[in-house]
Amino acid sequence: MTITLSSWNVNGIRAASSKEGFNWFYNTNYDVIGFQETKASVDQISDEIKHKEGYHSYFCSSTVKKGYSGTAVFSKQEPLNVEYELPDPTYQGEGRIIHLEFEKFHFFNGYFPNGGAAILDDNGKPTGEFKRVPYKMGFFESFLAYAQKLRETKPIVVCGDFNIAHREIDLARPKTNMNNTGFLPNERAFMDKLLASGYIDTFRYINGDIKDVYSWWSYKTFARSKNVGWRIDYFLVSDELKDNIKDAFIETNVTGSDHCPVTLVLDI
C-alpha cells in the first residue's frame, strides 16, 4: 500500500488560511498532513480546517505563550494511539510534538526549536552564542532518545521544521551563515548524529545532491523570488524503512507561508 505524507510550517495557521496558497490544504488528498508553527489554540482554528472531510485531526498548542509555536496533524487513518509533547517535562508546554502510532510505524510531527536571538557582550556585539541553542540541542537529544526507545517496537517516521540546514548544499549562502543559528557547527553535528543513529534524509536519498532546492525563504529580503533559501524542513525515516521510500520532494510552488510543504511517499 502506498501512502503519501506531507509536512508544512504554515507560520500562523490563521494568517496562512486567509491566503490563496492555503487551497493546497483544502484540495490535497494526502494520507497524513503535518503542520508546524500553527500559532493558535484549538478554539481559534476554523471548523473548516479542524474538520477536513475524511480526516482525523489532532492539535497541540503552546500553553506557555499564546500565538506561539504549535503543531497539528490530519490523518485519513485513525491512529492506534496519540501522544502530545515529549515525555521529558523540561521540553513540554510549547506544543512542538505530536506523535501518532500507526500499525506499521511511529509518526512524529515536530516543530523543533530555533536558536533564538544572538547573545551580545557588554559592548553590544554578538558573542557567537544564541539564547535558545542550549534548549534546542537538549530538545533534539530528548527527542532522539525517545524515538530510539520507540524504534525498538516499530520504525520511525519524523517530519517537520528542524530549524537546521544540514550541509552547505542545503542553503543558498553557507559562507555568510557559518555563525548564525540554524547552521552552527553543533546544530549541524546533531544532524550528523541523527543520520549516524540510523535515520535517512529521504529528500537526499531520492534526489541526491540536487542544488538550489529549499523549503524556507526569509520574508525580510524578498528571498523567495531570488531563491535565496534554506532547506530546514525534513522527512526522516529509520533505516528499517529504507526500501519503502518511493519518492520525496519539496513543493516549492506552494505559497501562503515563508515555508513550503515537503512530501514523502512510502510503500508500506
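Out of the residues in the stretch 93-117 that are of a type in the set (A, V, I, L, M) and modelled with pLDDT of 95 or more, which is farthest from Phe74 (Cα to Cα)?
For the stretch 93-117, the residue satisfying everything is Ile97.
Looking at the stretch 119-158, which of the residues that are outside any loop (DSSP other than H, G, I, E, B) and basic (Lys, Arg) is nearest to Ile245 (Cα to Cα)?
Lys149
Name every residue in the stretch 242-260 that is in contact (Cβ under 8 Å) with a residue 40 or more places away in the chain and more than 17 Å from Phe162 (Cβ to Cβ), in order of residue number.
Selection gives Lys242, Ile245, Lys246, Asp247, Phe249, Glu251, Val254, Thr255, Gly256.
Residues to consider are Ser215, Ser238, Ser257; find the one that is crowded, with 20+ Cβ neighbours inside 10 Å, in contact with a Gly (Cβ under 9 Å, 6 or more places away or on another chain) and farther than 23 Å from Val10 by Cα.
Result: Ser238 is the single residue among Ser215, Ser238, Ser257 that is crowded, with 20+ Cβ neighbours inside 10 Å, in contact with a Gly (Cβ under 9 Å, 6 or more places away or on another chain) and farther than 23 Å from Val10 by Cα.
List pairs: first in the stretch 126-140 and in contact (Cβ under 8 Å) with a residue 40 or more places away in the chain and on the phi > 0 side of the Ramachandran plot, second crowded, with 19+ Cβ neighbours inside 10 Å and among the aromatic types (Phe, Trp, Tyr), Cβ under 8 Å, 6+ apart or cross-chain?
Partner pairs satisfying both residue conditions: none exist.
Are there any pairs with C-beta distances below 8 angstrom linking a residue in the stretch 38-52 that is of a type in the set (A, V, I, L, M, F, W, C) to a residue that is part of a loop (DSSP other than H, G, I, E, B) and exposed (fewer than 15 other Cβ atoms within 10 Å of the Cβ), with the two at least 6 apart or on different chains, and if so which?
Ala40/Gly67
Among the helices (runs of 4 or more DSSP H) contained in the stretch 159-256, which hold 1 or more residues that are over 30 Å from Lys104 (Cβ atoms), more than 16 Å from the chain's Cα centre (by Cα) and not hydrophobic (A, V, I, L, M, F, W, C)?
185-196, 223-226
The values are calculated or read from the model by the stated rules, or taken from the named source; none is laboratory data. The shown structure was predicted, so the numbers you read here are calculated from the model rather than taken from an experiment. FYI the Cβ positions are ideal-geometry reconstructions off the backbone, even for glycines, and counts take in every protein chain you see.
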